[in-house]
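Below is one structure, written out as structure tokens, with a few remarks after it.
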Amino acid sequence: MKKVLILGATSAIAQATVRLLAARGAALYLVGRNAANLDAVAKDAATRGASQVAQEAVDLDDTDAHEALVERAAQALGGLDGALIAHGVLGEQKACERSWPDAQKVLHTNFLSAASLLTVLGNRFEAQKAGTLVVLSSVAGDRGRQSNYVYGASKGALTVFLQGLRNRLAPAGVAVVTVKPGFVDTPMTAHVAKNKLFASPGQVARGILRAADGRKNEVYVPGFWALIMLVIRTIPEGVFKRMKL
């Protein structure tokens with residue numbers, strides 16, 4: 001990927017990915033909600049060797065603005081051959097259980113806004129018969145658990161959407177890459193006690209670029225999560241519903 005749109009560029013994982021892409025000399029269009037944080041990421045990318053850096057502060061929950069946003073990015077970089085969708089919210093499960101507006105916020109940000117962006121970008125890449133779409137989903141989307149089923153549902157829906165989009169765009173030569181991180185040590189998980197299962201944003205970023213370079217379909221990052229989630233998915237529902245997960 002040489003001309004890349006980064007959506008959610010101020011997230012810890014996206015920032016780590018931006019640093020790697022900048023070191024490769026990529027041209028970058030950075031999009032995030034916080035203008036000050038976005039400016040810092042852009043300056044760092046330029047320092048690290050990005051051939052071009054443009055930025056725009058946008059609330060990605062505003063799906064009506066997506067088509068124009070993608071067009072501005074393409075105009076600024078002289079085209080697009082890649083995009084990373086990395087924005088999202090964890091939400092608070094108990095709050096989501098008590099309040100539909102809280103749950104709706106998680107579902108909208110993590111699934112609906114991503115699906116909107118993927119529709120716009122998918123149509124563009126299909127028309128040009130080239131491109132790589134990389135999207136952060138999560139292992140949480142592999143099976144619903146009482147501790148985070150609203151977040152998990154948003155990511156599970158995203159994973160299924162990406163499966164269908166991949167199927168549709170494969171004949172056009174467009175890669176759709178689903179990245180499923182496990183626990184990552186970021187500000188979003190600052191309240192969670194850390195253990196050996198946690199990865200750093202840098203580890204995930206390296207996995208993202210390996211998957212994008214290899215035009216993979218779905219990858220778990222780190223890779224051991226594939227085995228963990230295989231076990232979790234195969235637990236019979238009658239047993240699973242009595243477990244505290």
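The values are calculated or read from the model by the stated rules, or taken from the named source; none is laboratory data. What you see is a predicted model; the values in this text were computed from it and never measured. Because the Cβ atoms are built from the backbone with ideal geometry, glycine has one as well, and the counts that use them run over all protein chains shown. The area values use the complete protein model at the heavy-atom level, side chains included, leaving out ligands, DNA and RNA. Shrake-Rupley method; radii C 1.70, N 1.55, O 1.52, S 1.80 Å.
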First in segment 229-240 and farther than 16 Å from SER137 by Cβ, second anywhere and open to solvent by 40 Å² or more (accessible area, probe 1.4 Å) and among the basic types (Lys, Arg), Cβ under 9 Å, 6 or more apart: PHE240/ARG145
In segment 127-146, the residues that are open to solvent by 60 Å² or more (accessible area, probe 1.4 Å) and either in contact with a helix residue (DSSP H, G or I) (Cβ under 7 Å, 6 or more places away or on another chain) or assigned to a helix (DSSP H, G or I) (or both): ALA127, GLN128, LYS129
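Tell me yes or no: at least one residue of segment 160-168 is in contact with a Lys or Arg (Cβ under 8 Å, 6 or more places away or on another chain) and surrounded by fewer than 22 Cβ atoms within 10 Å (Cβ to Cβ).
The answer is no, given that none of the residues of segment 160-168 is in contact with a Lys or Arg (Cβ under 8 Å, 6 or more places away or on another chain) and surrounded by fewer than 22 Cβ atoms within 10 Å (Cβ to Cβ).
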LEU77 being under 28 Å from SER147 (Cα atoms) and in contact with a strand residue (DSSP E or B) (Cβ under 9 Å, 6 or more places away or on another chain): no
Members of segment 189-207 that are open to solvent by 80 Å² or more (accessible area, probe 1.4 Å) and in contact (Cβ under 8 Å) with a residue 40 or more places away in the chain: ARG206
Conditions (1) more than 23 Å from ALA9 (Cβ to Cβ); (2) part of a helix (DSSP H, G or I); (3) among the polar types (S, T, N, Q): number failed by ASN195: (2)
Residue count, segment 218-245 (criterion: loosely packed, with under 15 Cβ neighbours inside 10 Å and assigned to a loop (DSSP other than H, G, I, E, B)): 9
Check on LEU121, in a helix (DSSP H, G or I), without any contact (Cβ under 8 Å) to a residue 60 or more places away in the chain and crowded, with 20+ Cβ neighbours inside 10 Å: no
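Somewhere in segment 171-180, is a residue surrounded by 21 or more Cβ atoms within 10 Å (Cβ to Cβ) and either more than 19 Å from GLY82 (Cβ to Cβ) or not hydrophobic (A, V, I, L, M, F, W, C) (or both)?
Initial filter on segment 171-180 (surrounded by 21 or more Cβ atoms within 10 Å (Cβ to Cβ)): 174-180.
Adding the requirement that they be either more than 19 Å from GLY82 (Cβ to Cβ) or not hydrophobic (A, V, I, L, M, F, W, C) (or both) leaves 178, 180.
Yes - at least one qualifying residue is present in segment 171-180.
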Among residues of segment 85-106, those that are over 29 Å from LEU209 (Cβ atoms) and either modelled with pLDDT under 95 or surrounded by 16 or more Cβ atoms within 10 Å (Cβ to Cβ) (or both), counted: 6
Qualifying strands (runs of 3 or more DSSP E) (wholly inside segment 1-117; at least 3 residues being of a type outside the set (A, V, I, L, M)): 52-57
